[in-house]
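Asks: Encoded as structure tokens, here's the structure I'll be asking about.
None of the figures in this text is laboratory data; all of them are computed from the coordinates on show. This structure is a prediction, so every number in the text was calculated from the model and none was measured. With ideal geometry, Cβ positions are generated from the backbone for all residues, glycine too; neighbour counts draw on all protein chains shown.
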Amino acid sequence: MPAQAEDWRGWNVHPDGYPNSVALKDFADEVSEKTDGELNPKVYNNAVLGDQPDAIEQTRSGALDFGNFNMGPMGPIVPETDVLSLPFLFTSVDQMYRVMDGDIGQRFADALAKKDLIVLSWFGSGARSFYNTDHPIEKPDDLKGLKLRVMNNDLYVQMVDALGGNATPMSYGEVFQSLKTGVIDGAENNFPSFDSSNHYEVAKYFSETEHLIIPECLCVAASSWNALDEDTQKIVRTAAENAATEQRKLWAEGVEKSREDVEAAGVKVNEIDDKAAFQKRMEPIYQAFIESHPDMKSLIDDIRATQ
């Protein structure tokens, strides 16, 4: 236990009631209970402690004790995590969980540990798919000519370009109006975001390409972690693993509900059983990535071997 009762501050971007927020609260409650109040984590939701890149740096320095971070913005600090932003790297959310819970996930955790971030467990953030106002996407050529909003990341721009679409980086808040006015034809995201943003009101075709499946970590500052004795570390890690189990369950339930809701609102959802044609279009992106990061080829090969 800590020498005296200690409060931990934790970062979270999501609002109250979100699967991650519920799981993080239960993590904090379990740690407090099992340590008899000697260690009291408190989660600050809605990014009130800063944006994600800033919160990652604060956690590395020990100004924050823990956080729930997506691997997307982690690349500038931990280059290995850029691998996880490669499109069509994973074929399903379940495969991603299997990979991250095993030896490969430990390799990413080791890379984060070198930057003073201790991974306690892996959360999910769903699978991102394309949706648009015009027609279902069943094969790569169905994206030809579509103006599609993507996050501001070169890999995502390259992905859409390789599929024949016109990638249009823009802020998330501009997407609804841009869809409505025809500035863009579509975008990409997961079912809960598609639902909660009301994008389903104007984009009536949702195609489950599942091109990006990016994990998140529940990470602790190395300085905070190292200040704990072994028994307390075990309590904290077990609580984090329990939180991951809960978050994954709540997320899956949220995806199912959002899918049902948007279908009830008239959205046509189509599954894509064989993503091989999409993955083949990604080969130049992978080749360029490996040329720039030759030391990461084994990570990519090992993940692909689990498909």
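Asks: Taking the highest mean first, how do the peptides 255-267, 217-229 order by number of other beta carbon atoms within 10 angstrom per residue?
Replies: Those peptides, ordered most packed to least, come out 217-229, 255-267.
Asks: Rounded to the nearest 20 debye, what is the charge dipole size of the chain about its Cα centre when +1 sits on each Lys and Arg Cβ and -1 on each Asp and Glu Cβ?
Replies: Dipole magnitude for the chain comes out near 680 debye.
Asks: Per the Kirkwood treatment, what hydrodynamic radius in Å, one decimal, follows for segment 48-102 from the mean inverse distance over all distinct Cα pairs?
Replies: 12.7 Å
Asks: Then there's this: Identify all lysines with a Cα-Cα distance to LYS25 below 19 Å; exclude those on the same chain that are fewer than 8 residues away in sequence.
Replies: Partners within reach: LYS34, LYS42, LYS234, LYS249.
Asks: Let me ask another. Zone of LYS257 (label point 7 Å along Cα→Cβ, backbone N under 18 Å): which residues in segment 7-41?
Replies: Once the point is set 7 Å along Cα→Cβ of LYS257, 14-26 turn out to lie under 18 Å by backbone N, inside segment 7-41.
Asks: Another one. Which percent of Cα-Cα pairs in segment 1-117 sits in each 10 Å bin, short to long?
Replies: Answer for segment 1-117: a P(r) of 13, 36, 39, 11, 1 percent.
Asks: Expressed as cubic angstrom per residue, what is the convex hull volume of the alpha carbon set of segment 241-307?
Replies: Hull volume normalised by residue count: 154 Å³.
Asks: Determine the calculated [θ] at 222 nm for the chain from helices alone, applying -39500 (n - 2.57) to every DSSP H run no shorter than 4 residues and normalising by the residue count; nearest 500 deg cm²/dmol.
Replies: After summing the helix terms and dividing by the residues of the chain, the value is -13000 deg cm²/dmol.
Asks: So, one more: If you work out volume of the Cα convex hull per residue in Å³ from the coordinates, which of [x] 134; [y] 145; [z] 118 do you get?
Replies: Checking each listed value against the structure points to [z].
Asks: With θ set to phi - 60°, apply the Karplus curve 6.51 cos²θ - 1.76 cosθ + 1.60 along segment 127-144 and write out the HN-Hα couplings as whole Hz, x wherever there is a Gly or Pro.
Replies: Those phi angles translate into 10, 8, 9, 8, 9, 7, 9, 10, 6, x, 10, 10, 9, x, 5, 5, 8, 4 Hz.
Asks: Name the lysines eligible as straight-distance cross-link partners of LYS139: C-alpha to C-alpha under 26 Å, and not fewer than 8 places from it in the same chain.
Replies: LYS147, LYS180, LYS204, LYS268, LYS275, LYS280
Asks: If you don't mind, there's one more thing I want to ask. State the extension gain, in nm to one decimal, for the chain segment bounded by LYS268 and LYS249, taking 0.36 nm per residue of separation less the distance between their alpha-carbons.
Replies: Value of the extension gain: 4.3 nm.
Asks: Could I ask something else about it? Step through the residues of segment 82-91 one at a time and calculate ³J(HN,Hα) from phi using the Karplus curve (6.51 cos²θ - 1.76 cosθ + 1.60, θ = phi - 60°), rounding each to whole Hz and writing x for Gly and Pro.
Replies: 3J(HN,Hα) across segment 82-91, in whole Hz: 4, 4, 6, 9, 5, x, 6, 5, 9, 9.
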